[in-house]
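Below: one structure, written as structure tokens.
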Amino acid sequence: MTVSSLFSDMIIIALFMLMGFFIREVVKPLQKLFLPASLVGGLVALIVGQQVLGLVTIPESFSSFSNVLIAPIMAALLFGVTITKKKVVGYMDYVCVEQAIYAMQMCLGAGLGALLCVFWPGLPIGWGSMAQFAFQGGHGNASAAGATWTSLGVPENLSIGMVLATFGLIVAMLIGMIVVNIGVRKGWAKFVKDPQSQPDWYYGGILPEEKRQPIGKSVTASISINHIALQGSWLLFAVWAGRMFMKGLAMVWPGASAFPSVIQGILGGAIVWNLAKAVKLDRYIDVKIIKQISSFLLEVVVLTAMATLDIEMITTYIVPIVIFTLIITLLTVAFALGFCKLFCRDEWFEKALMAYGAGTGNTATGLALVRAVDPDSQSAAPDNHGIYSAVMCWKEAFAGLVPVWMMTGLGMTMGIGGVMCAICLGVGFILFVFPKKKAAA
């Protein structure tokens, strides 16, 4: 790709990004489902592109953006992450539930996908493994795993992942609000008697002045270097460090050369952030800006991935995809409500909503469901999820590992997912259920 063609691609991306934003501003139901502007813009590009109306030509290069940009996106996840024993112990009840949901989706998603392949043999290999990524992290994680599958020669799974992530957002809010209303009527909610609606700015439009927050702070004088240029360089340095680490590892273990760019990004982020902290250079790093750069790249990935969905494949297999979504969703609801009620000492319903929303859509949908029963932000459920995301950041490596495992069969993915789920639930019972029974006796 030449510089001029890259610039032309970015102009097209910007145009569709703006279209997606303003369509989302006008069509309010899109806001209530938490569908991002990049997703809406990508769908517009798909419809007006050569696969449907043929009004514009979507560049072929769009299909390669996810594979290239996913490394810096994943590297940014490790900047600013500090894991402590106190954080793990204090929020272990929620951690056990949320990680059990993740592991359940990992294990049963792979197995259910393989089972559905018996009835629809044309489905791509390993498509069921997209469950844990599409439902747990939304379009971002689906893009990461999809990029790995693309590098392994199965690009169809990226399209399936994006569709599953979209379906996940929809069921997260539709089923989630049903659960909210049932829970309020049964008296499970701690802070409200009736679900509260959010202000209009929560979903879209202009933020009020008092709600606007800085996206970062300068760490050096601008006469030295532009702040965004400095933070972007840290991020790309992390990608380079990950590449060099994997090249060095491949000299000792040739199999390492097969690992995708997702792993390079995660390793590079961990190396650079921890090294910078060790030598006191972290004061030159603005984590907020690095996250903003990563978010920008993710918007590009989502838009380009949606614009290049394989429509023929998706429409052919829409029935098994819907069946798959409903089964995983119902299991996620059962896990969230059942085990939060068993394990969580306080605010079990709020934590269950957070776990379900984050386990079918993303963190934003989890927060929205919690806010429906906690309008004054008194609940600890969002903090619990924030700590969970930090202490379990290592699971992001699965976006690079699971597709590789799935190429060899179901055993590794289902086995690790099943064992992980059993461990999480076992720890939950040992720490939170058995002591209650002893105390009651």
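FYI, it's all coordinate maths here, none of it is from the lab. Just so we're clear, the structure is a prediction, and the values are computed from it rather than from any experiment. All Cβ positions, glycine included, derive from the backbone under ideal geometry; neighbour counts span all protein chains shown.
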Legend entry - region 209-219 - phi-based ³J(HN,Hα) in whole Hz, Karplus 6.51/-1.76/1.60, Gly and Pro as x: 3, 6, 9, 7, 10, x, 8, x, 9, 5, 10
Inset, instruction - Starting from one equal scatterer on each C-alpha and no solvent at all, send me the Debye-based log10 I(q)/I(0) for region 102-243 at q = 0.09, 0.10, 0.14, 0.18 Å⁻¹, two decimals. - result: -0.53, -0.64, -0.97, -1.07
Legend entry - Listed residues THR166, TRP188, TRP201: farthest to the positive end of the dipole of region 124-272 (Cβ charges): TRP188
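Can you give the FRET efficiency to the nearest 0.05 for MET10 and LYS277, using r as the Cβ-Cβ distance and R₀ = 45 Å? Could you put the intermediate results ahead of the total?
Details: r = 34 Å, r/R0 = 0.75.
Step by step, r from the Cβ atoms, then E = 0.85.
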Inset, instruction - Sort LYS341, LYS280 so the one with the fewest other Cβ atoms within 10 Å of its own Cβ comes first. - result: LYS280, LYS341
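For a distance above 23 Å, tell me the whole-number percent of Cα pairs in region 275-425 that qualify. Please report the intermediate quantities before stating the final value.
Working: 6375 of 11325 pairs.
Counting every Cα pair in region 275-425, those more than 23 Å apart make up 56 percent.
Enter the mean projected area of the convex hull around the alpha-carbon atoms of region 96-150, in nm², rounded to one decimal. Could the numbers behind the result be given before it?
Values: hull surface 15.2 nm².
Convex hull of Cα atoms, orientation-averaged projection: 3.8 nm².
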Inset, instruction - Return THR360, THR304, THR329, THR315 ranked ascending by Cβ neighbour count within 10 Å, so the fewest neighbours appear first. - result: THR315, THR329, THR304, THR360
Legend entry - Of LEU342, LEU309, LEU108, the one that fluctuates the most in a GNM where the chain has Cα springs shorter than 10 Å: LEU342
Inset, instruction - Go through 127-138, 35-46 and give me the packing order, highest mean Cβ count within 10 Å leading. - result: 127-138, 35-46
Legend entry - Computed label-point distance, nm, for sites LYS217 and LYS341 using a 7 Å Cα→Cβ extension: 4.5 nm
Legend entry - Listed residue (MET177, HIS139, ILE215) projecting farthest to the positive dipole end of region 122-245, Cβ model: MET177
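If the limit is 26 Å between Cα atoms, which of LYS190/LYS291; LYS351/LYS436; LYS395/LYS438 go over it?
Numbers: LYS190/LYS291 33 Å; LYS351/LYS436 19 Å; LYS395/LYS438 34 Å.
Distance filter (> 26 Å) returns LYS190/LYS291; LYS395/LYS438.
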Inset, instruction - Obtain the nm distance between the two label points defined at CYS393 and LYS437 by a simple spin-label model: each point lies 7 Å from its Cα along the Cα-to-C-beta direction. - result: 3.8 nm
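At a threshold of 8 angstrom on Cα-Cα distance, excluding pairs fewer than six apart, so keeping six or more, what relative contact order does the chain reach in percent? Don't jump to the answer; show the numbers that get you there.
Details: 661 pairs, mean separation 134.8, N = 441.
Here the relative contact order equals 31 percent.
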Inset, instruction - Would you kindly derive the ³J(HN,Hα) couplings of region 404-417 from the backbone phi angles with the Karplus curve 6.51 cos²θ - 1.76 cosθ + 1.60 (θ = phi - 60°), listing them in order in whole Hz, with x for Gly and Pro? - result: 5, 4, 5, 5, 9, x, 7, x, 5, 5, 5, x, 5, x
Legend entry - Burial ordering of MET17, MET251, fewest other beta-carbon atoms within 10 Å first: MET251, MET17
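Counting only C-alpha contacts under 8 Å and six or more residues apart, can you give the relative contact order of region 250-391 as a whole percent? If you can, show how the numbers build up before the last one.
Working: 62 pairs, mean separation 16.2, N = 142.
11 percent.
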Legend entry - Length-normalised contact order of region 96-222 in % [C-alpha pairs under 8 Å, at least 6 apart]: 15 percent
Legend entry - Isotropic mean projected area of the C-alpha convex hull, region 1-154 (nm²): 12.9 nm²
Inset, instruction - Tell me which label goes with the value of mean projected area of the Cα convex hull in nm² computed from the coordinates here: (1) 21.2; (2) 23.8; (3) 30.5. - result: (2)
Legend entry - Estimated dipole of region 275-385 in Debye, rounded to 20 [Cβ of Lys and Arg +1, of Asp and Glu -1, Cα centre]: 400 debye
